[in-house]
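Only one structure is covered here, and it is reproduced in the block below.
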Amino acid sequence: MHDMAKMAQKIDFFLNFSLVSVQFRFATWKEVLMMVVGGVCSLVHGAASPLMLLVYGMMTNTFVDYELEVQELADPNKTCINNTITWLDGTAEMSKFALYYVGIGVGVLILSYFQIALWVSAAARQIQRIRKMYFRKIMRMEIGWFDCNSIGELNTRISDDINKINNAIADQVSIFIERISTFIFGFMVGFIGGWKLTLVVIAVSPLIGLAAGLMAMSVARLTGRELKAYAKAGAVADEVLSSLRTVAAFGGEHKEAERYDRNLAEAQAWGIKKGAIIGVFQGYLWCIIFLCYALAFWYGSKLVIETKELTPGGLVFFGVLMGAMNLGQASPCLEAFASGRAAAKSIFDTIDREPEIDCFSEEGHTLDKVKGDIEFHNVHFNYPSRPEVKILDDLNVVVKAGETTAFVGPSGSGKSTTIQLIQRFYDPKEGMVTLDGHDIRSLNIQWLRSLIGIVEQEPVLFATTIAENIRYGRPGVTMEEVIEAAKQANAYNFIMDLPQKFDTLVGEGGGQMSGGQKQRIAIARALVRNPRILLLDMATSALDNESEAIVQEALDKARQGRTTISIAHRLSTIRNADVLVGFEHGRAVERGTHSQLLDRKGVYFTLVTLQNQGKDTDKRSLNSVVTTSYFCFLYLPKVPYLVLQKSKGEDEEVIEAAPVARILKYNRPEWPYMLLGSLGAAINGSVNPIYALLFSEILGVRHTHTHMRYSTICLVLFCDICLLQGYSFAKSGELLTRRLRKVGFQAMLKQEIGWFDNPFNSPGALTTRLATDASMVQGATGSQIGMIVNSLTNIGASFIIAYYFSWKLSLVVTCFLPLIGLSGVFQAKMLTGFANEDKNALEAAGQVSSEALSNIRTIAGLAKEKHFVSQYEEKLQTPYKGAKQKAHVYGICFAFAQCVIFMAFAASFRYGGYLVSNEGLPYMMVFRLVVISALVTSATALGRASSFTPDYAKAKIAAAQLFKLLDRVPKISMSNTEGQSWDDFKGQIEFKGCRFTYPSRPDIQVLRGLEVSVHPGQTLAFVGSSGCGKSTSVQLLERFYDPDEGQVLIDGRPSVSISVPFLRSQIGIVSQEPVLFDCSIAENIQYGDNSRTVSMKEIIATTLKAYLHDFVMTLPDKYETQVGAQGSQLSRGQKQRIAIARAIVRNPKILLLDEATSALDTESEKVVQAALDEARQGRTCIVIAHRLSTIQTADIIAVMSQGVVIEKGTHEELMARKAAYYKLVTTGAPIS
């Protein structure tokens, strides 16, 4: 019984270990059928070589008999009739054998085509299904899951890991089956021919199985770790490329490249270990195989010579050895399976995970009539990614149907969190949220979200047209409704001014629109839903006066009869709400109307008092808002609208494959490793032909002890050499991959910002390119070089041996070599074409997935997950079709290469027979030449080398992509050595006649002759409507772009002649939507000055100035608190203060404030404003602001309109002039 249990355990282990249980879970019956038929073809194909041995054995006996007769005749003591010896019609005999070979060859041709075509097609279909299922499952996950999983890591998984699964379930399996089948049939042939010898050889084979098993296990484990490390590096790259303007502004390029490289180092270490282990095991396998050879020769010769149990042609042990060899060659397949399994684990774990809140679920009921009463009952909540920080603490709030309820309170008090709970992005830990008395957890989630319209402070638009963005609001919207919604949101006029009107592309993340424009499109999108519940999270914060008044009116209209919840820092926008609820520390502490709460003198009273303090009138403070561009200066490319037609050019050209010499040049530092590896490979390669020679000797000679000695020596050498080769190539390959990834990433960081505005270079596409290109380049170096050197020495040694013995016969065999070579070349050419198409198509799918995952909250709020899933699936169609075509091409080439070998045998034996009978060539020679197939082993080697052509083709294309990036000369050089720098930097700035258009939108001029100057220590404030060029002027100063005409002068020197790193090191910037990195608060502040290490003392000094220190000290980890991806774990006000500390810590001469306080609540704003006023002392400062109160003290106020300054002066001068500025302040009229 105990044995049975043990047995069961073993079987269970084997099943777990087996591939079948894992990678093929998603196969349908059709695919299973394809794989079964393909598998049967592989099985039969595998039997072809042992079958050939039988033919071979019969032939050997014929030859040996003939030779013995000749020897008999040579004996002077023998006599014979007429002194002639007749050989049974030799030519006819040989023709018969040749025909057998042709028959086998034709069979192989057909079988190997189906074997490859069916497996590759079945894999393509399954991979397509896995990609779809994985993406669909990710889109079903609850928002909390995204908080805990990095977007960059998910993107890497979608591209890299699924490719690894593909490698494990496609042609590798069929080749594996074929080799195992050869192994089994080889042994069968052995048993039929002579069981004694076969048993002796078999005694050694468990050692081989053991090695293969151990290798697969260790490789799987190491691959898993390597993938984890690469996913981390991918997340770093994604984060950096998404926040490129921040990185550039703070000169963090070098630091980021180092951070990326640190993550790569870890992956490299695992990769090298993996290579060494594979080397050890392969050496061990070959070592065992050669031991078998030695044993077989010794015992076989005994059986032939001493006991006469075997005929020389009973090539028993050759069958066994062929089997054993094939078992050895099956080991690289195990490596692919192990990698595939490790990759499949993370993918399938996600596919198997059930989301806690399933947005695709059909469950839950819908209400026939919705009133719109929302209630929070004793709600406790913390974010899953930060379970120790309580956000809502026993919250009780009632929102009555049809009323407008405003939530007010300081940053971080839980206002925005309540909105996320109403949308059911999260479920409360305790308590419940109800709609009309029903717990929202019991309602259908898609239906619930369809009732809600949301407008946020940082609206997300998708990379499509304006009309499409508005249509996202509700399925089946007509164009009339889109236009109506745009009119209600006051977006209609600006849209009609654009050249392509509603068909204008908004760019990735809406980056081509100014903030105010984005906001109005987002409002139109919410209104087109005709929602029952309207959630306004600072909805008008980015609008100018006139628009705000109209949009506010539109929102007031939209609020009629709807339940509305409004969050705003500017109290003017919420005074007329029906009910105000004051929040503090995650609780609702007061509730009432504006006047009631003022009388209560609580939270609301404090906020109002602070906001009005020190201002002339309540009215002025609440209405003095000027427009500006609300755009995330440092986050996404801001370019006014994108052309619909892709410009032919950079991204359209066909990429030529890169020369191998250049790839190897990058591997130059590893030349000692490559030399050692190649040496090992060369020795390895020559072993087979030498064995062939030995073998032919053995057949003709009776004394084999000397050969035994040779065998043993060869064998020991071989074992060491395999380890050497494996380790050396793994090391050089991994170092190359790391180097290429690093230089590729550095090259990306060196490009000017305009390069990233091209949709072809979106963060998603670039991360995918970094992940896949560098690892593919390994296909042209590393172990591939080993394969090639091995094959070449194999061929070389064979040629020398063959031509030495008989040039005629060798010539015949040589004729077949070009055919094998050609099939390899053709296969490479075809597959290169496919690799190109695949790459582009998968990048397009990568852009969709990247956009979807980055904006998952917006998509969830609009219940548009299914739309993105279908868009992604549509983009997968092209690579899928390509993969299916590829299956056939690959099948045909593979079949041809396999079949040619048999044809070569047929021709050479037929001709060999002719030479023996007609030209008296000793039969031994035929053996020496062909049999051992000196040349044919080399043909096999060539065939093997050609089976690596797909990797080689992909490698050259990937390298070309990479070199194109490395060779590109950025339009704005980031080099420290180029351009001027000087010590007494004062900070005088002058814009002289600047004209500028964004490169991705050449037909719209943003600046049309900007003229304005500011002296050192002065503050210049830009005022003007959205899209008038205020932020653009700041980008010219930072040298993100250079003006097309005119100059930006800094201390009297043209900006174009100044060193970019030097210039940026003098500038500190605080933008409206600051980008924070996924590291600790302290590290984010240290980022302000990347030229040195900022001490903790300095950090605390700056946080005190930025009114941040007290808040940080309340957190459990203080300054070591992780801020989450893009600072997602912090409220806007907290993020803003960290950004201010980051700007102050570098002690800049020029300070740029792009709406630096717009996201703050009144209390923080007061203090931060004071901090900013202090920071401005003695520095040149450029301010772009919404509220006139923040810029009245500026030395120069420049009013901009349509890219030029229409008036400038101090606040008093401009008020006295009673022109544009005066009108703005008093009436809020727009500037024309």
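The values are calculated or read from the model by the stated rules, or taken from the named source; none is laboratory data. Note that this is a predicted model, so its numbers are computed, not measured. Backbone-built Cβ (ideal geometry, glycine too); neighbour counts: all protein chains shown. We work out accessible area using only protein heavy atoms, side chains counted, and drop any ligands, DNA or RNA first. Shrake-Rupley method; radii C 1.70, N 1.55, O 1.52, S 1.80 Å.
Report yes if Ser413 is at pLDDT below 85 and out of contact with any Gly (no Cβ under 8 Å at 6 or more places or on another chain), otherwise no. Spelling it out, it is not the case that Ser413 is at pLDDT below 85 and out of contact with any Gly (no Cβ under 8 Å at 6 or more places or on another chain). I need the full set of residues from segment 474-492 which are of a type in the set (Lys, Arg) and in a helix (DSSP H, G or I), in order please. Answer for segment 474-492, where residues must be of a type in the set (Lys, Arg) and in a helix (DSSP H, G or I): just Lys487. Counting the residues of segment 267-276 that are of a type outside the set (Lys, Arg) and surrounded by fewer than 21 Cβ atoms within 10 Å (Cβ to Cβ) gives 4. Within segment 1020-1040, the set of residues being open to solvent by 10 Å² or more (accessible area, probe 1.4 Å) and either at pLDDT 85 or above or part of a helix (DSSP H, G or I) (or both) comprises Arg1039 only. Scanning segment 1038-1058 for residues that are touching a residue at least 40 places away in the same chain (Cβ under 8 Å) and out of contact with any helix residue (DSSP H, G or I) (no Cβ under 9 Å at 6 or more places or on another chain) yields a count of 8.
Counting the residues of segment 429-442 that are over 19 Å from Thr564 (Cβ atoms) and buried (at least 21 other Cβ atoms within 10 Å of the Cβ) gives 0. Of the candidates Leu210, Leu214, Leu222, the single residue that is part of a helix (DSSP H, G or I), without any contact (Cβ under 8 Å) to a residue 40 or more places away in the chain and farther than 21 Å from Leu770 by Cα is Leu210.
Counting only residues that are farther than 25 Å from Leu451 by Cβ and open to solvent by 30 Å² or more (accessible area, probe 1.4 Å), segment 845-883 holds 9 of them. Inspect all residues belonging to segment 919-930 and state whether any of them is open to solvent by 30 Å² or more (accessible area, probe 1.4 Å), at pLDDT below 80 and out of contact with any helix residue (DSSP H, G or I) (no Cβ under 9 Å at 6 or more places or on another chain). Yes, segment 919-930 contains a residue that is open to solvent by 30 Å² or more (accessible area, probe 1.4 Å), at pLDDT below 80 and out of contact with any helix residue (DSSP H, G or I) (no Cβ under 9 Å at 6 or more places or on another chain). Restricting to segment 158-191, what's the tally of residues that are β-branched (Val, Ile, Thr), closer than 14 Å to Cys333 by Cβ and crowded, with 23+ Cβ neighbours inside 10 Å? Residues flagged as β-branched (Val, Ile, Thr), closer than 14 Å to Cys333 by Cβ and crowded, with 23+ Cβ neighbours inside 10 Å within segment 158-191 amount to 5. Between a first residue in segment 1059-1075 that is within 17 Å of Ser975 (Cα to Cα) and charged (D, E, K, R) and a second residue that is modelled with pLDDT of 80 or more and crowded, with 24+ Cβ neighbours inside 10 Å, which pairs have beta carbons less than 6 Å apart while being 6 or more apart in sequence or on different chains? From residues that are within 17 Å of Ser975 (Cα to Cα) and charged (D, E, K, R), there are no pairs. Screening Gly1178 against (1) modelled with pLDDT of 75 or more; (2) in contact with a strand residue (DSSP E or B) (Cβ under 6 Å, 6 or more places away or on another chain) leaves a single unmet condition, (2).
Applying the condition of being closer than 24 Å to Gln1169 by Cα, hydroxyl-bearing (Ser, Thr, Tyr) and part of a loop (DSSP other than H, G, I, E, B) to segment 1077-1122 and asking which residue is least open to solvent (accessible area, probe 1.4 Å) yields Tyr1087. Does Phe348 satisfy being hydrophobic (A, V, I, L, M, F, W, C), farther than 18 Å from Gly437 by Cα and in contact (Cβ under 8 Å) with a residue 40 or more places away in the chain? Yes: the conditions hold for Phe348. Listed by position, the helices (runs of 4 or more DSSP H) contained in segment 496-610 that have at least 1 residues being at pLDDT below 75 and under 26 Å from Gly402 (Cα atoms) are 545-559.
In segment 956-977, of all residues being of a type in the set (Lys, Arg) and farther than 22 Å from Val247 by Cα, the one that is least open to solvent (accessible area, probe 1.4 Å) corresponds to Lys956. Comparison of Val654, Val643, Val660, Val743 shows that the only residue that is surrounded by fewer than 19 Cβ atoms within 10 Å (Cβ to Cβ) and at pLDDT 80 or above is Val743. In this structure, is Gln446 modelled with pLDDT under 80, surrounded by fewer than 18 Cβ atoms within 10 Å (Cβ to Cβ) and out of contact with any His (no Cβ under 9 Å at 6 or more places or on another chain)? In short, no. Selection of segment 1052-1076 for residues being open to solvent by less than 10 Å² (accessible area, probe 1.4 Å) and among the hydrophobic types (A, V, I, L, M, F, W, C) yields Ile1058, Val1060, Leu1063, Ile1067, Ile1069, Val1070, Val1075, Leu1076.
Table: residues versus (1) open to solvent by 30 Å² or more (accessible area, probe 1.4 Å); (2) of a type in the set (Asp, Glu).
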position: Glu226; (1), (2): no, yes
position: Ala229; (1), (2): no, no
position: Asp238; (1), (2): no, yes
position: Phe250; (1), (2): no, no
position: Ala265; (1), (2): yes, no
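Scan segment 24-51 for residues that are under 16 Å from Ile130 (Cα atoms) and either part of a loop (DSSP other than H, G, I, E, B) or touching a Gly at 6+ places or on another chain (Cβ under 8 Å) (or both) and jot them down. Residues satisfying the conditions are Phe24, Arg25, Phe26, Ala27, Thr28. Which of the residues that make up segment 365-397 are under 19 Å from Gly437 (Cβ atoms), in contact with a Phe, Trp or Tyr (Cβ under 8 Å, 6 or more places away or on another chain) and open to solvent by 40 Å² or more (accessible area, probe 1.4 Å)? If the condition is that a residue be under 19 Å from Gly437 (Cβ atoms), in contact with a Phe, Trp or Tyr (Cβ under 8 Å, 6 or more places away or on another chain) and open to solvent by 40 Å² or more (accessible area, probe 1.4 Å), then Thr366, Asn396 are the ones that fit.
Of the residues making up segment 468-508, just one is among the aromatic types (Phe, Trp, Tyr) and open to solvent by 30 Å² or more (accessible area, probe 1.4 Å), namely Tyr492. Checking each residue in segment 950-990 for being among the basic types (Lys, Arg), modelled with pLDDT of 80 or more and touching a Leu at 6+ places or on another chain (Cβ under 8 Å) picks out no residue at all.
Table: residues versus (1) open to solvent by 10 Å² or more (accessible area, probe 1.4 Å); (2) modelled with pLDDT under 75; (3) within 29 Å of Thr997 (Cβ to Cβ); (4) of a type outside the set (Phe, Trp, Tyr).
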position: Gln1192; (1), (2), (3), (4): yes, no, no, yes
position: Val1199; (1), (2), (3), (4): no, no, yes, yes
position: Ile1206; (1), (2), (3), (4): yes, no, yes, yes
position: Thr1210; (1), (2), (3), (4): yes, no, no, yes
position: Glu1213; (1), (2), (3), (4): yes, no, no, yes
position: Ala1220; (1), (2), (3), (4): yes, yes, yes, yes
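Of all residues in segment 1041-1059, those being part of a loop (DSSP other than H, G, I, E, B) and among the hydroxyl-bearing types (Ser, Thr, Tyr) number 2. Note on segment 987-1019: among residues that are of a type in the set (D, E, K, R) and part of a loop (DSSP other than H, G, I, E, B), the one that is farthest from Gly1178 (Cα to Cα) is Asp1003. In segment 182-204, the residues that are over 18 Å from Ser301 (Cα atoms) reach residues that are among the aromatic types (Phe, Trp, Tyr) and crowded, with 17+ Cβ neighbours inside 10 Å with C-beta atoms within less than 9 angstrom, at least six apart or across chains, in these pairs: Gly186/Phe318; Val189/Phe318.
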